[in-house]
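We did not get these values from a lab; they are worked out from the coordinates using the rules stated. Every value quoted in this text rests on a predicted model; they were computed, and no experiment measured them.
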Amino acid sequence: MVSLTRAFDIFALDQLLFLGKPETVNLRVSGDGVLSFARLIAAGLAAFEVTLQNGPLLLYSVNLTTSGKQLVSAWSSGDREAVKKLLGGYRRQAIVQPS
């Protein structure tokens, strides 16, 4: 948990672990709900897509990416080296290169 809390706040960690639950496979949220997962989406750990459009009503699915699933698996198993390796990749992605 210490390694993850340096990269993400507690809310983002809760969301990461929440999305790792099998019960969330059919999760549907509004646009506001998508925004609540913005940190994970920006980090490439979660992705979203429109799943229902009915007039002005839009519902989205939010799911873990392969990287997100790997991070949840490594953290849940207590594999510190795997977590460290995965977070190292996250940190490299987060650095914006000047053009």
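Out of every Cα-Cα pair that region 2-94 contains, those further apart than 20 angstrom amount to 34 percent. Taken over region 6-58, the ratio of Cα radius of gyration to 2.2 N^0.38 Å equals 1.21.
Relative contact order of region 2-94, taken over Cα pairs closer than 8 Å and 6 or more residues apart, is 28 percent.
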